[in-house]
Amino acid sequence: MFKRSRFLFLIPLLAAAVALRFYAADVTGHWLAEMHLPDGQTRQTSLFLKADGTKVTGYMSASNADPAAISEATITGDQIRFSVERDNYGEMRTTKYTGTLDAAQTELTMHMPGPNGSTRDLLFKRVSTEAPGPMPAPKAKLTLPPAADVPSNGLAKTPPMGWNSWNKFARKVSDELIRETADAMASNGMKDAGYQYVNIDDTWEAGRDAQGNIQSNEKFPDMKALADYVHSKGLKIGIYSSPGPKTCAGYEGSFQHEEQDARTFAAWGIDYLKYDWCSASQVYDYHSMQAAYAKMGKALQNSGRPIVYSLCQYGLLHSSEWGPKVGGNLWRTTGDISDNWASMSRIGFDQQHELTRFAKPGGWNDPDMLEIGNGGMTDTEYRTHMSLWSLLAAPLLAGNDLRSVPPSIMTILTNKEVIAVDQDPLGKEATRVAKDGTTEVWARPLKGGSYAVGLFNRGSAAAKVTVKWSDVGVTSEAQVRDLWKHSDEGKSIGEFSAEVPSHGVVMLRVQPS
Ligand code: GLA
């Protein structure tokens, strides 16, 4: 028989659950989180919140972004959730946040969305319990008038090849490292394979002298002497700056000193400038991005020295369309690459195929620098990286320590047959011509009527990949050469198949008979 008394113990539990459902900790106040970035900078993010029962209002502000109102905000028990809508360079983007308040109500752990679906916890500490005032207006920003097109500088008829300090060394770049890298490049086979630029990335800058001339810091005692040294090795030298007041690592940028800095770079003997948006987002209305890049494009040309111009603004605002109009020789198409398969394959396979029509001699899509040899991928994956970047007619900027390159990595970086595809004078970037599950075929026409073809396998097991000549544009039988085996594979009619390892590639040069 049903005994009511047996279930009486449920009543307090239910009551507790109901009470918990309507209990809301009071999160009213200012909460501050400090994030220490790998490059040494500290970024502050604040939450200004006002709780009214389970409803929360307020805004979020960060040192590098305009304040943004929070919406759909609630707190249930110790769990807070809200959304923030932001104008991300013309696209309204909603980000959902969740967080947990500690028992003492002094710490709030927010689960912050990171790149590509990841989350990371950010600890906010309560700074005050005062209800916030109205959200401050965003800082007024400069609007530049649209700029006249900057004529082509005639450089980079094929994608630039060289090395850049950032991927491996970040802030640990110095005069000594650049000299040693130049020595290595000149003697270890890299220069022979076509690598030419030795590029200093962020953190070389000091402030300005009384006349406003940019100074190098103690890591670079004499830029002119360093450039002379690199030139003495038959190589070229590159440098880095930003259209904003500060670079991404917080060093001096070229804001309102564009002409002066271009003249300084030219006087030092600089051959290549990477110009990184960074803090420009805090001073310019983002519609001024093209004009801000045109300013430096013009300044470089006025400097009288041929300087390759590399735009680094992460592909924002369709830079492939206007890169050439600001005098750019290459323009980044995505956020930063990391030394892992997920990052490299996402950038290379998923984020380029819409853009391939924009590449041409003198102006190249830049899917970011190479990670080959930095240790986060297998040699098979690095071969895929090298093959894909070469098919994409991408700048080939090695990012590893050139002073000690294991033979297997050197073989990948200096495969002349693959590099010849990258450097093909026709300058046509590959497109994806077939996709079947996790396998993809990419192909590009080469000067003289042949084609470069990549058979890729993104899957976790080996797979047979077939390229149909009709997908590539070949109508006859064709001679096939394997560019990693360095072997002629004979004639094929209609199609060609190969077993491709997981995350691997078979790269071919196909000559119609
Ligand atoms: C940005 C760029 C990187 C590198 C760093 C330096 O993140 O995209 O390539 O130049 O800045 O701070």
Task: Antiparallel bridge percentage (DSSP; both residues within the chain; nearest 5) - done: 75
Task: Chain lengthening between SER404 and SER71 when straightened (0.36 nm per residue, less Cα-Cα) - done: 114.6 nm
- [ ] Counting other Cβ atoms within 10 Å, keep those with at most 13, restrict to DSSP loop, and tell me which trypsin sites (Lys or Arg not before Pro) in segment 445-513 are left.
- [x] LYS447, LYS485
TODO: Would you mind getting me the FRET efficiency between ALA420 and ARG86? Use the beta-carbon distance for r and R0 = 45 Å, nearest 0.05.
DONE: 0.50
Open item on the list: I need to check one value: relative contact order of segment 20-128, counting alpha carbon pairs closer than 8 Å and at least 6 residues apart, in percent.
Closed with: 23
- [ ] Express in nm, to one decimal, how much length is gained between ARG305 and LYS491 on full extension, taking 0.36 nm for each residue of separation and deducting their alpha carbon distance.
- [x] 62.1 nm
Open item on the list: Below 11 angstrom from the Cβ of LYS360, what's the summed charge of the other residues (Lys, Arg +1; Asp, Glu -1)?
Closed with: +2
Task: Near-label residues of segment 447-466 by backbone N, under 20 Å of a point 7 Å along Cα→Cβ of LYS360 - done: 447-449
Task: Residue-count net charge about PRO67 - beta-carbon cut-off 11 Å; Lys, Arg +1, Asp, Glu -1 - done: +1
- [ ] Evaluate 2.2 N^0.38 Å with N set to the residue count of the chain, then give the Cα radius of gyration divided by it.
- [x] 1.15
Open item on the list: Given a Förster distance of 60 Å, report the FRET efficiency between SER63 and LYS464 from their Cβ-Cβ distance, rounded to the nearest 0.05.
Closed with: 0.70
TODO: Please compute the net charge surrounding VAL433, taking Lys and Arg as +1 and Asp and Glu as -1 over other residues with Cβ under 11 Å from its Cβ.
DONE: +2
TODO: Would you please give the FRET efficiency between GLN282 and GLU499, computed as 1/(1 + (r/R0)^6) with r the Cβ-Cβ distance and R0 = 60 Å, to the nearest 0.05?
DONE: 0.70
Open item on the list: Suppose the chain between LEU144 and LYS435 were pulled fully straight at 0.36 nm per residue; how much longer would it get relative to their current alpha carbon spacing?
Closed with: 100.4 nm
Open item on the list: Straight-line reach only, C-alpha to C-alpha below 21 angstrom: list the lysines that LYS139 could link to, leaving out same-chain residues fewer than 8 apart.
Closed with: LYS246
Open item on the list: Please flag any cysteine in the chain that has no other cysteine's Cβ under 4.7 angstrom from its own Cβ.
Closed with: CYS312
Task: Ranked packing of 166-173, 501-508, most packed first, by mean Cβ within 10 Å - done: 501-508, 166-173
Task: Label-point separation in nm, VAL127 to ASP379, each point 7 Å along Cα→Cβ - done: 5.3
TODO: Starting from the Cα of THR98, step 7 Å along the direction of its Cβ; do the same at ASP26; then give the gap between the two resulting points in nm.
DONE: 2.7
Open item on the list: Run the simple label-point estimate for HIS36 and GLU176 please: 7 Å along Cα→C-beta, distance reported in nm.
Closed with: 2.5
TODO: Return the whole-Å distance between the Cα centroid of segment 481-513 and the Cα centroid of segment 219-262.
DONE: 43
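FYI, it's all coordinate maths here, none of it is from the lab. Please read these numbers as outputs of a predicted model, since none were measured by experiment. Backbone-built Cβ (ideal geometry, glycine too); neighbour counts: all protein chains shown.
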